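The structure appears right after this line, and notes come after that.
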Amino acid sequence: MTMTRLRSLAYDVVTRRDGLAGWKPHRRRFRTLSRSGPREIERHALDALRRLLVHAYATAPYYRETWKAAGFVPSLTTTVEDLRRLPLVTKRELRERKMDFVSERFDPAALRLDYTGGTTGVQTAFYRDTGCSVARFGRQWGVLERCGYRPGDKRALIWGAHADLRPPDATGRLKQRFRQFGCAEAVACCTVMRREEMLDYHRRLQAFRPSVLYGYPNAIEQFARFIDREGLARVRVARVICTAETLRPSQRALFQERFGGEVFNLYCSREHGCVGFECERHDGFHVDAGSVLVEILRSGRAAHPGESGEIVTTDLLNYGMPLIRYATGDLAMPSSSPCGCGCALPTFSALHGRVADTLYRADGTPVAGLMLTDLFWEQPSITDAQFVQSDIASLDVHVVLQPGAPATIREDIVNEVRSIMGTQIAIRVRVVADIPRNPTSGKYQEVVCAVPAQTLAALASEGIL
Ligand SMILES: [Zn+2]
């Protein structure tokens with residue numbers, strides 16, 4: 001028996017312990033759908049949508065109320081065009097009326113709290129029913145398989161402070177080692193990337209010899225540049241899989257060159273998990289139409305090919321807390337023609353997702369900007385936040401507050417930010433009426449690094465970066 005097969009068996013045990021037993025049939029379903037023709041895919045997706053809409057209307061107070069007001073009653077003949085009459089669900093509504101989204105058919109205590117696709121360090125209160133978690137997990141393995149990554153393949157992960165990365169407690173060490181073996185992972189936490197930690201990670205990878213490098217593009221770039229700067233041995237992999245942040249063309253080229261692997265980009269949302277994935281043609285994203293419906297909207301109508309619009313997702317699997325027409329805030333363009341790879345799953349192109357620069361602690365240690373973007377998710381009085389760093393010793397936090405925010409809000413913000421940026425940095429909280437958006441894209445950049453390039457170069461030459 002090969003080590004890969006052994007690890008794959010251990011992985012089965014680990015996923016059973018995680019309550020995800022039964023995920024493999026969902027991978028098969030994904031495989032089947034991805035090989036189906038366009039008509040069959042469309043029919044499958046429409047059936048799933050109708051079932052979900054009927055369920056949501058009957059059992060989730062938020063939908064019952066808002067759809068009644070819009071004069072909409074879903075049925076088994078509803079079409080995707082009918083959806084256009086329905087209001088979008090925004091992040092704010094989800095935060096303020098969370099429990100109204102939960103289906104009355106489910107006991108909230110039996111629903112799983114999800115950690116938003118693993119891209120954030122903040123535990124966001126977000127619910128999924130168990131069936132949805134298992135199905136999503138299985139289908140995501142189907143997607144990863146398309147990118148050449150299967151259970152048992154060794155993966156080097158450059159990730160945030162996710163619940164998965166908890167250090168083992170003394171009693172759980174053996175279980176933890178088994179998990180590490182089954183998951184075949186070498187993990188580096190990219191929240192704060194110190195020199196010693198990166199050196200240690202590089203050393204571990206030399207022994208571990210991963211076949212997949214997986215993580216945030218900005219953190220992978222930091223690691224690639226670190227290897228160059230320190231003159232360390234190359235890390236070679238077969239695949240580099242990027243997620244959570246926008247992957248720039250220059251980063252794709254850099255990763256291909258430095259790690260030797262084919263670079264795949266995934267588009268994952270906090271609420272849904274994997275929404276879009278690249279095929280071997282790397283020309284836009286395919287959508288798993290069996291798990292999510294993607295609309296690309298411009299002023300309320302479907303955007304035309306070549307026109308950019310907001311990505312709005314409907315989760316077809318989550319019956320515990322249906323999320324229908326959720327405005328992601330990310331932008332994309334519909335594709336003008338089917339993908340040349342032969343897979344008929346729908347596609348979209350030119351994603352302009354979250355843009356989060358790397359920031360720096362006062363001692364120069366890089367911090368993944370993405371770790372800050374979800375910091376205030378559980379703070380109902382903060383509507384929007386933007387982090388701007390112009391020099392290494394300080395950070396400006398611009399916030400839009402709800403009326404009636406608590407008197408301690410500034411102090412709370414400073415404490416939250418310090419938990420990630422360290423205690424040495426000066427934090428200036430500025431309450432603003434609005435955060436200016438990019439006039440062309442309509443998005444605002446949540447994390448902006450405006451530290452002069454000379455300062456960064458000087459830090460690098462001192463060996464701090
Ligand atoms: Zn394709």
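The values are calculated or read from the model by the stated rules, or taken from the named source; none is laboratory data. The model shown is predicted, which means the values in this text are computed figures rather than measured ones. Here the Cβ positions follow ideal geometry from the backbone for every residue, glycine too, while neighbour counts run over all protein chains shown.
Is it true that some residue in region 217-234 is away from the ligand (no atom under 16 Å from the Cβ), part of a strand (DSSP E or B) and either more than 27 Å from residue 296 (Cα to Cα) or in the same structural domain as residue 157 (by TED's automatic domain parsing) (or both)?
There is no residue in region 217-234 that is away from the ligand (no atom under 16 Å from the Cβ), part of a strand (DSSP E or B) and either more than 27 Å from residue 296 (Cα to Cα) or in the same structural domain as residue 157 (by TED's automatic domain parsing) (or both).
May I ask you to say which residue of 308, 291, 335 is among the hydroxyl-bearing types (Ser, Thr, Tyr) and within 16 Å of the ligand (Cβ to nearest atom)?
335
For region 321-337, which positions are surrounded by fewer than 24 Cβ atoms within 10 Å (Cβ to Cβ), under 18 Å from the mean Cα position of the chain (by Cα) and within 14 Å of residue 303 (Cα to Cα)?
330, 331
How do the pairs read when you match residues in region 376-401 that are in the same structural domain as residue 415 (by TED's automatic domain parsing) with residues anywhere that are aromatic (Phe, Trp, Tyr), using Cβ under 6 Å and keeping only pairs 6 or more apart or on different chains?
382/376; 385/376; 392/360; 397/387
In the set 364, 342, which member is within 16 Å of the ligand (Cβ to nearest atom), on the phi > 0 side of the Ramachandran plot and either outside any strand (DSSP E or B) or not assigned by TED's automatic domain parsing to the domain that holds residue 40 (or both)?
342
What's the total number of residues in region 266-281 that are surrounded by fewer than 23 Cβ atoms within 10 Å (Cβ to Cβ) and near the ligand (Cβ under 9 Å from one of its atoms)?
3
Cβ-Cβ distance below 7 Å, separation of 6 or more or different chains: which pairs start in region 76-94 with a residue that is under 15 Å from residue 61 (Cα atoms) and end on one that is hydroxyl-bearing (Ser, Thr, Tyr) and surrounded by 15 or more Cβ atoms within 10 Å (Cβ to Cβ)?
So the pair list comes out as 87/66; 89/326.
Residues in region 346-361: is at least one in a loop (DSSP other than H, G, I, E, B), within 16 Å of the ligand (Cβ to nearest atom) and surrounded by 20 or more Cβ atoms within 10 Å (Cβ to Cβ)?
Yes.
Can you go through 44, 26 and tell me which one is in contact (Cβ under 8 Å) with a residue 60 or more places away in the chain and buried (at least 18 other Cβ atoms within 10 Å of the Cβ)?
After ruling out the rest, the residue left standing is 26.
Would you please name the residue that is surrounded by the fewest Cβ atoms within 10 Å (Cβ to Cβ), looking only at residues in region 206-216 that are outside any strand (DSSP E or B) and in contact (Cβ under 8 Å) with a residue 40 or more places away in the chain?
Of everything passing the filter in region 206-216, 209 is surrounded by the fewest Cβ atoms within 10 Å (Cβ to Cβ).
Mind checking whether some residue in region 270-281 is small (Gly, Ala, Ser), in a strand (DSSP E or B) and in contact with a Gly (Cβ under 7 Å, 6 or more places away or on another chain)?
Yes.
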